[in-house]
Each structure stands twice: as structure tokens, then as C-alpha cells.
Amino acid sequence: MTTVFVEQEEQNDLQKSFANLLEESFHRSLTPGNVVVGEILTVEKDSLVIDIGGKCEGYVPLKEIPDCRFPGELAERYKPGQVKEFFILRDFDEDAPFVLSLRRVDSCKDWEDLRRRHEENDILNVIVCGTTRGGILVQVLSLKGFIPASQLRIAKTLEELVGDTIPAKLLEVDKSKNKLILSHRAAVFEAQAERRTTTLNALTEESVVDGEVVKITNFGAFIDINGIDGLLPLSEISWRRLKHPADVLNLGQVVKVQVLTIDRQLERISLSMKRLAPDPWETVLSRFNEGDAVDGQVSKLLNSGFLAELEPGIEAFCSYHQTDRDKLFLGETFPFKIISIAAFDRRITLEPVLN
């Protein structure tokens, strides 16, 4: 009898220990940021009272209930006994129960789904829903994400993208900071990997190809050459001095370019437009002579003088010695006399014709 009594006591202790561990585990899950299953106990005027187990109750305020803007709608959509998932907004204390949300259940699940898809390096289809400084806002499941302009590869302006569905890869998924950063460029490059290899194998330096302008920056433009973004520097667009590539190029424009260099390892190519046109300096002596009177448009102000454009691609230098520097403005045209021409050095010297 003594042995049976001891065994029964040990069994009771084990059951109590298991129950305590279960209760402790349960309470660890009832922390803000988690999703729990609960049963609707009552439908109040502007909230739902929820049984979330463990002798705990919570309530869902009207603002955390989707598709319900007015108190009267609650009784139409929700009934006691319904079992649903709830997001824990705030822990309980002595004065208040758990505060729950129905609205945030999907977003919580979506953060977890996106974290997994980030690890798996997936490509997502996202909807462009707005623009912001430096990029676009996109709808990713139930969440909002951001694609920086530097991570776009498409021949459209930011405003023209609104409403479009585009592929993107996840760069950063941080639920704690509500930070979701994506890249359209990375998704496009991955999808075009095979096509890019074929293009690189076919290209040679000095090849002349057609390409589409897909991005314009201060320093040049990126041209899509059958899946590869080639850099067209500002200095290689025209023999003329340009302030910005947008002076002559537009997004989506198809241009003919010459391949200057190819880095097959990094999959980079540099391009030129101007080298497909005659270099005006090669024939400058057939059009200009020393002593000629010419008109020149001020194109750049320097420390010691200024440059004046005599014709597209031909700039000449004039010192400030015989001019009033304060009266010189970019774009203005003045009469000059050619003092010297050094075609090989691409240099013409002028002096102003004084009135």
C-alpha cells in the first residue's frame, strides 16, 4: 500500500509539473506582436470581447476591426462563438485586458511570409501605388514597400509607373522597424541572366548596336542592349558640350551606339553615340582660318577666361584680358577674331571684337 501511495503521489506531481509548464508556455505566447486563436464571447457596441484561453480575455476596439466603420455594423458581421485569429497589440494588466486586433493579423502573417521569401531569394510581383522622394511605393501583399530609384530598371518616369505591376526582389525585411526595401533591377537582371550571357558573347568592341534609354542620370544614361545596361557617359553623347543627358535623350528612346569597352566578368559595357558622327575637329581647318571674324556663344566660364562655341562641337578660348567679365553670360553671342588654331590640340584662341 505504501508503494502504491508513493507512485500515485509521484504521478500527481508529474501532472502538476506538466500543467505548470504548459501554462508557462501559453503565457509566453500571449505577448504583443504574436497572433493567437480566440473565440468571440460578446459583441459590444464598439468592440468585441474575446476568450483567448488560459482564463484570459481580450477586447478588439472598433478601429482594429476591418470593414466596420460604425458600431452598428459589428452585430451584423460578428457573432458570439465565432473562432478567429487575433493579433496582440497590448498585454493585459490589473486594470485592463489584452488589446487585440483583427486588422493586423494579415500583416503579421505577411511579414513572416516575406521574411521566408527573402531567405529563399524569391521574385515577387508588386503594384506601384505611389511615388516619394527618391523612389516609388509598392503594395506587397498587405504591406507597403519602397523601391529606391537606383533600384529601378525601366524606361518610364516614376509618375508613369503608378498602377503598374512590376517584378521585384526583397533587399531588406525588418518588421520591428516597419522597413521593407525591394529592388526591381535585381529581379530584371535575374530574369535576363541567360539573355545577358548570349548578348555578351555576341558583342565586340566597336560593335554598333541599337539600345533603349532606360535610365538618365547627371553623369550619363544607361542603355539597354538586349538585356545588358550599358553606360553612355555624358561626354560620349555628343561632340557638343551638354549640361545634362536629358538635353538630347528621353526615357524609352531607341538610339544607335558604339561599344567602347566590355568587361565580361562584371557584365559591364561602355558606349558612345558621338563617335558614330564625324569629329568636327578633324575638318576644322577647312572652315576656319586665323584672322577670321566669327560669332561665338559663351558656353563655359573658366578662371582665366571663357569658352565660346563657334559651331556644334567646336569651342574656342578667349581670355578675360580685353573683356568685362561681369557682362559675360552663358548663352550670349559675341563677335570675335580668331588669333590661332591648333587643330591637333583641339584648341582655337580668340580675341573679342570691340565695338
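The values are calculated or read from the model by the stated rules, or taken from the named source; none is laboratory data. This one's a predicted model, so the numbers in the text were calculated from it and none came from an experiment. Counting neighbours? That spans all protein chains shown, and the Cβs are built from the backbone with ideal geometry, glycine included.
The table that follows gives values for the structure above.
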| read-out | value |
| --- | --- |
| Residue selected from the stretch 238-259 under the condition over 26 Å from Arg195 (Cα atoms) and not charged (D, E, K, R), by the criterion surrounded by the most Cβ atoms within 10 Å (Cβ to Cβ) | Pro245 |
| Count of residues meeting criterion [in a loop (DSSP other than H, G, I, E, B) and either closer than 23 Å to Gly230 by Cα or touching a residue at least 24 places away in the same chain (Cβ under 8 Å) (or both)] in the stretch 158-186 | 4 |
| Residue match in the stretch 145-157 (condition: surrounded by fewer than 15 Cβ atoms within 10 Å (Cβ to Cβ) and more than 27 Å from Ile228 (Cβ to Cβ)) | no |
| Subset tally (residues that are at pLDDT below 85 and surrounded by 15 or more Cβ atoms within 10 Å (Cβ to Cβ)) for the stretch 71-83 | 1 |
| From the options Ser270, Ser286, residue that is of a type in the set (Ser, Thr, Tyr) and surrounded by 12 or more Cβ atoms within 10 Å (Cβ to Cβ) | Ser270 |
| Residues (out of contact with any Phe, Trp or Tyr (no Cβ under 7 Å at 6 or more places or on another chain), surrounded by fewer than 17 Cβ atoms within 10 Å (Cβ to Cβ) and not polar (S, T, N, Q)) located in the stretch 172-195 | Glu172, Asp174, Lys177, Lys179, Glu190, Ala191, Ala193, Glu194, Arg195 |
| Single match in Ile127, Ile154 (criterion: assigned to a strand (DSSP E or B), of a type outside the set (D, E, K, R) and either under 26 Å from Leu266 (Cβ atoms) or in contact (Cβ under 8 Å) with a residue 24 or more places away in the chain (or both)) | Ile127 |
| Residue list for the stretch 33-86, restricted to those being over 14 Å from Val99 (Cα atoms) and either of a type in the set (A, V, I, L, M) or under 38 Å from the mean Cα position of the chain (by Cα) (or both) | Leu41, Val43, Pro66, Asp67, Cys68, Arg69, Leu74, Ala75, Val83, Lys84 |
| Residue match in the stretch 112-120 (condition: more than 17 Å from Lys177 (Cα to Cα), of a type outside the set (Val, Ile, Thr) and touching a residue at least 12 places away in the same chain (Cβ under 8 Å)) | yes |
| Any hit, the stretch 95-108, residues being closer than 23 Å to Phe222 by Cα and surrounded by fewer than 13 Cβ atoms within 10 Å (Cβ to Cβ) | no |
| Residues of the stretch 22-45 that turn out to be surrounded by 14 or more Cβ atoms within 10 Å (Cβ to Cβ), assigned to a loop (DSSP other than H, G, I, E, B) and at pLDDT 80 or above, as a count | 1 |
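Residue-by-condition table, conditions (1) at pLDDT 95 or above; (2) among the charged types (D, E, K, R):
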| position | (1), (2) |
| --- | --- |
| Val105 | no, no |
| Lys109 | no, yes |
| Arg133 | no, yes |
| Pro148 | yes, no |
| Arg153 | no, yes |
| Lys156 | no, yes |
| Ala168 | yes, no |
| Leu171 | yes, no |
| Lys175 | no, yes |
